Amino acid sequence: MKKTNLSLLMLGVGMSVFTSCSKEQETAVPTGSASAQDAKVEEAYPGQTGTALPGKFGVYQQINGENILEGDIILTAAQVNPTGPQTESAGRNTGKWPSAVVYYTIDAALPSQNRVTDAITHWQTYTPVRFVKRTTQANYVTFRVGSGCSSNIGMIGGRQYINLASGCSTGNTIHEIGHALGLFHEQTRNDRDTYVNILTQNIQAGYENNFTKYGVSGYSGTDFGALDFGSIMMYGSFSFSSNGQPTITKKDGSTFNIQRNGLSAGDRAGIDVMY
Ligand SMILES: [Zn+2]
């Protein structure tokens, strides 16, 4: 019986969704990082909404010259306004890290680098993805200090960044690596209305687009399995609330906690399919 799952979207032209199925609950793998209750949702520029602009793939926020989607995903200029036909192309191939190997560097100025090494160890323990210190490779991720927690989506080509403010935990770092591997947020699945209610009236002004389904945003894809409330890519019930009331509830109206301890069974199964 398929149950859990997440929608894994590879950016790149045809945008494919990769998912998986796993049995049982959304079992989180503890890593000893932030508890589920006090985990914070990731934002590239906390407290800043910037300017909402229409892009090829839906509305995004322009903040400090960067193109931000769903709060913490950095879109390249080409991803916002692609030139050329959006058909099958190298875009899809470049969205996924070849051979499931991510080359990386850590900026010397980044404090608490154990957040990065612990997050990498977590990914390597529970998935086939491997992280290798970059030497001369052209495509790689640099972990550096940022104003919030943010990442590009998928491999974009050349150097890309995962930005980590001091408040970004190991769990947040695991989440941002998920974006770099090609994952979008779980609550943006096309089928999410089957599982959750989005309470728009409780969402902070300017953050409504963080709750837009990827299909509405212009991405194509397919959801497999069920929405995974325990996914490390899922918002919590109170994420981006303007008034202390929930922004997302289960269909029965009950709330749920954000989970940023580690990859859920669904996260791991999805990555297995993808990589
Ligand atoms: Zn995110």
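The values are calculated or read from the model by the stated rules, or taken from the named source; none is laboratory data. This one's a predicted model, so the numbers in the text were calculated from it and none came from an experiment. Positions of Cβ are backbone-derived with ideal geometry, glycine not excepted, and every protein chain shown enters the neighbour counts. Just so you know, the surface numbers come from the protein's heavy atoms only, side chains and all, with ligands and any DNA or RNA stripped out. Shrake-Rupley method; radii C 1.70, N 1.55, O 1.52, S 1.80 Å.
Within region 177-197, the residues that satisfy the criterion of being open to solvent by 10 Å² or more (accessible area, probe 1.4 Å) and either among the charged types (D, E, K, R) or farther than 14 Å from Gly215 by Cβ (or both) are Asp191, Arg192, Asp193, Tyr195, Asn197. The residues listed here are Thr173, Thr121; of these, the one that is assigned to a helix (DSSP H, G or I), touching a helix residue (DSSP H, G or I) at 6+ places or on another chain (Cβ under 7 Å) and polar (S, T, N, Q) is Thr173.
On the given criteria, is Ser242 small (Gly, Ala, Ser) and open to solvent by less than 10 Å² (accessible area, probe 1.4 Å)? No.
Applying the set (1) within 17 Å of Ile68 (Cα to Cα); (2) in a strand (DSSP E or B) to Thr142 leaves exactly one unmet item: (1). Scanning region 190-206 for residues that are in contact with a Phe, Trp or Tyr (Cβ under 7 Å, 6 or more places away or on another chain) and either among the hydrophobic types (A, V, I, L, M, F, W, C) or modelled with pLDDT of 90 or more (or both) turns up Ile198, Ile203, Gln204.
From Asn197, Asn243, which residue is in a loop (DSSP other than H, G, I, E, B) and either over 16 Å from the mean Cα position of the chain (by Cα) or among the hydrophobic types (A, V, I, L, M, F, W, C) (or both)?
Values: Asn197 fails: in a loop (DSSP other than H, G, I, E, B).
The conditions single out Asn243.
Does region 43-50 contain any residue that is modelled with pLDDT of 85 or more, in contact with a His (Cβ under 9 Å, 6 or more places away or on another chain), within 16 Å of the ligand (Cβ to nearest atom) and under 20 Å from Ser169 (Cα atoms)? No, region 43-50 contains no residue that is modelled with pLDDT of 85 or more, in contact with a His (Cβ under 9 Å, 6 or more places away or on another chain), within 16 Å of the ligand (Cβ to nearest atom) and under 20 Å from Ser169 (Cα atoms).
If you check Glu88 against the conditions, is it modelled with pLDDT of 80 or more and acidic (Asp, Glu)? Before the answer, list the steps.
Numbers: modelled with pLDDT of 80 or more: no; acidic (Asp, Glu): yes.
No, not satisfied.
Test Gly146 against the stated conditions and say whether it is open to solvent by 10 Å² or more (accessible area, probe 1.4 Å) and within 16 Å of the ligand (Cβ to nearest atom). Against the criterion (open to solvent by 10 Å² or more (accessible area, probe 1.4 Å) and within 16 Å of the ligand (Cβ to nearest atom)), Gly146 qualifies. Within region 167-176, can one find any residue that is more than 13 Å from the ligand (Cβ to nearest atom), of a type in the set (A, V, I, L, M) and either under 27 Å from Leu227 (Cβ atoms) or open to solvent by 60 Å² or more (accessible area, probe 1.4 Å) (or both)? No - not one qualifying residue is present in region 167-176.
Report yes if Ile232 is within 12 Å of the ligand (Cβ to nearest atom), in a loop (DSSP other than H, G, I, E, B) and of a type outside the set (S, T, N, Q), otherwise no. Full working, then the answer.
Numbers: within 12 Å of the ligand (Cβ to nearest atom): yes; in a loop (DSSP other than H, G, I, E, B): yes; of a type outside the set (S, T, N, Q): yes.
Spelling it out, Ile232 is indeed within 12 Å of the ligand (Cβ to nearest atom), in a loop (DSSP other than H, G, I, E, B) and of a type outside the set (S, T, N, Q).
Answer yes or no: is there a residue in region 150-159 that is part of a loop (DSSP other than H, G, I, E, B), open to solvent by 20 Å² or more (accessible area, probe 1.4 Å) and free of Cβ contacts under 8 Å to residues at least 40 places away in the same chain. Yes, there is a match, as at least one residue in region 150-159 is part of a loop (DSSP other than H, G, I, E, B), open to solvent by 20 Å² or more (accessible area, probe 1.4 Å) and free of Cβ contacts under 8 Å to residues at least 40 places away in the same chain.
Identify, from the list Thr105, Thr121, Thr117, the residue that is open to solvent by 70 Å² or more (accessible area, probe 1.4 Å) and of a type in the set (S, T, N, Q).
Just one listed residue meets the conditions, Thr121.
Within region 100-148, being more than 22 Å from Ile271 (Cα to Cα) and of a type in the set (A, V, I, L, M, F, W, C) holds for Ile106, Ala108, Ala109, Leu110, Ala138, Val145. Of all residues in region 180-200, those being in contact with a strand residue (DSSP E or B) (Cβ under 6 Å, 6 or more places away or on another chain) and over 24 Å from Lys250 (Cα atoms) number 2.
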